[in-house]
Amino acid sequence: MKPLFKKRLEGTRAADIGDDELLRVGEALSIDVPFLRAVFQRAASAAHSALDKLWIGYEQFEKSLGNPPMAQKILAEHMPRYVRGKSAYKELQAFFSGLDHTAIAVPISPRNVKQQAKLMAKWNGVLQYERTNPLKLGLKDFQARVTLAYQQASLGCAYHAELWHDFADWLDLAGQREEAGACLRRAIERFLPNDLTLRLLSAHRCELGSVPPAPASLEAADVIYEKLLDDMPKPCPLALINYLAFLRRQRGAGEFRAAFLEAAESSAHCTWEVYSFVAQTEYHVFGSAEAAAKVFRLGLERYGEREPSLLAAYVNFLVGSNDLKGARSELCQGVLDRLRDSVRDKLASRSDPRNKESLAFLWQKWVRMERYFGDAASIQRCAAFRDEEFRNLQRDQEVEEDLIAATPSAPGFGLSACEVTECFRFEHLLPQTTRVATLAPAPGTSAA
């Protein structure tokens, strides 16, 4: 209850009337007793600050009807709801403490991100508590109460995608699929037009709303994806990847491949990640290792020099398809190309950090592959290739024999302690090592 109204209520004695007076008033006004009882019970089972005074008024009402045994029975039946209301009110007071009810939704920016995070965290606590149904309401009232809580939270947190996702999820659980879809569309159109997660979720809802999907649903999903590709800042490879996955699921291999070829020619969203996705789809879904390799080769022709991660993805594919010979060949060529550029840069007194990082990345990957899947001789051949090619490249650049370096430590091969650790990585596993960086306490903490 708002403080002003609470003060006015406490300052008046108008509600303090006796049982006889209340009974006479009821008879004179022809009050609908069942309706008034239902209103009292509903109000006396909610969570609010005037609950104790309202319960006193409800007791007075029941006792004034002239049937003490019935009044006692009804009050005893409803007492647990009143107790739950008091308990829930105390819990909600804690959740609402420090929450700014007057906050107006504004876009999240670096300047207000801490304030917005605190506001969203407060509302999350309230919403998660309400979703436990602490008042033990009936299904219809429970759904309405939680829906109202989400609507109240949106007044201050409309630019938080997680709020709309959880709200739509709640409506879905309540069996209100149309309302959930409308909730997401409203969030996208009014507040978060460039939120990729919400837009992809909206498209998925259209596609997967029924099994099998209706033609109208597929057409709606098509429109959402096409508009997504038009609206999103470029490049946005994940938008294109999801659109291609949709075409493959619903339209088949022909449309999937045609759309990819068209995107490769004209779409700003078609980055190296799209080539990797299409290649893996060809292999894992359509079962064609040859087509997958061709797609990887197309991507490497376009992005290979700039994106070592695409070459790494291709190598992973070759290793996964038991083609270690092909993987060695690709890594060998990738290392050689970048080593050649590094030697040129060194002789010209230039420095290209990207090339140096690519060289170290591919070299470490090659060493790891030979260490885990090759034999001792292959590791030796790998190191011999590295050193010999480095010397030969310097000779090609007419470096004097006395000045030729024996090993390529300067261009960036994995020779530092940190890089040696990387050479022993497997998946997410790294060997433990004693270094300051691994032993230093995290920022904001102190050593024990």
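Within segment 84-95, being over 13 Å from A44 (Cα atoms) and loosely packed, with under 14 Cβ neighbours inside 10 Å holds for K90, Q93, A94. Say we look at segment 38-83 and pick out the residues that are free of Cβ contacts under 8 Å to residues at least 40 places away in the same chain and of a type in the set (D, E, K, R); which of these is surrounded by the fewest Cβ atoms within 10 Å (Cβ to Cβ)? Step by step, filter segment 38-83, then rank; the result is E77.
Quick one: in segment 27-39, of everything that is at pLDDT below 80 and hydrophobic (A, V, I, L, M, F, W, C), which residue is nearest to R81 (Cα to Cα)? Steps first, answer last, please.
Restricting attention to segment 27-39, the residues satisfying the condition of being at pLDDT below 80 are 27-33.
Cutting the leftovers down to hydrophobic (A, V, I, L, M, F, W, C) gives us 28-29, 31, 33.
Details: A28: 31, L29: 29, I31: 25, V33: 20 Å.
Checked segment 27-39; the qualifying residue nearest to R81 (Cα to Cα) is V33.
Residues that are buried (at least 17 other Cβ atoms within 10 Å of the Cβ) and acidic (D, E) were ranked within segment 361-398; the one that is modelled with the highest pLDDT is E370. What residue, among those in segment 266-305 that are of a type in the set (S, T, N, Q) and assigned to a helix (DSSP H, G or I), is nearest to P237 (Cα to Cα)? Among those that are of a type in the set (S, T, N, Q) and assigned to a helix (DSSP H, G or I), it is S276. The residues of segment 246-264 that are surrounded by fewer than 15 Cβ atoms within 10 Å (Cβ to Cβ) and farther than 16 Å from D230 by Cα, listed by number, are R249, R251, G252, G254, E255, A258, L261. The set of residues from segment 45-75 being basic (K, R) and either farther than 24 Å from N133 by Cα or not in a helix (DSSP H, G or I) (or both) comprises K63, K73.
Every residue, every condition in (1) polar (S, T, N, Q); (2) over 20 Å from the mean Cα position of the chain (by Cα); (3) more than 18 Å from A158 (Cα to Cα), yes or no:
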| residue | (1), (2), (3) |
| --- | --- |
| R185 | no, no, no |
| L192 | no, no, no |
| A203 | no, no, yes |
| G209 | no, yes, yes |
| A216 | no, yes, yes |
| E219 | no, yes, yes |
| M232 | no, no, yes |
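When you look at N322, is it closer than 30 Å to L261 by Cβ and under 29 Å from the mean Cα position of the chain (by Cα), yes or no? No; evaluated as a whole, the condition is false for this residue. Among the residues making up segment 266-319, those that are closer than 20 Å to L240 by Cα, of a type in the set (A, V, I, L, M, F, W, C), open to solvent by 30 Å² or more (accessible area, probe 1.4 Å) and in contact with a helix residue (DSSP H, G or I) (Cβ under 8 Å, 6 or more places away or on another chain) are W272, F277, V285, F286, L298.
Close Cβ contacts (under 8 Å, 6 or more residues apart or on different chains) running from residues in segment 277-302 that are free of Cβ contacts under 8 Å to residues at least 24 places away in the same chain to residues that are surrounded by fewer than 20 Cβ atoms within 10 Å (Cβ to Cβ) and not in a helix (DSSP H, G or I) comprise E282/S288.
The values are calculated or read from the model by the stated rules, or taken from the named source; none is laboratory data. Only a predicted model underlies this, so the values are computations on that prediction, with no experimental measurement involved. All Cβ positions, glycine included, derive from the backbone under ideal geometry; neighbour counts span all protein chains shown. The protein model used for the area step is the full one, side chains on, heavy atoms only, and it has no ligands, DNA or RNA in it. Shrake-Rupley method; radii C 1.70, N 1.55, O 1.52, S 1.80 Å.
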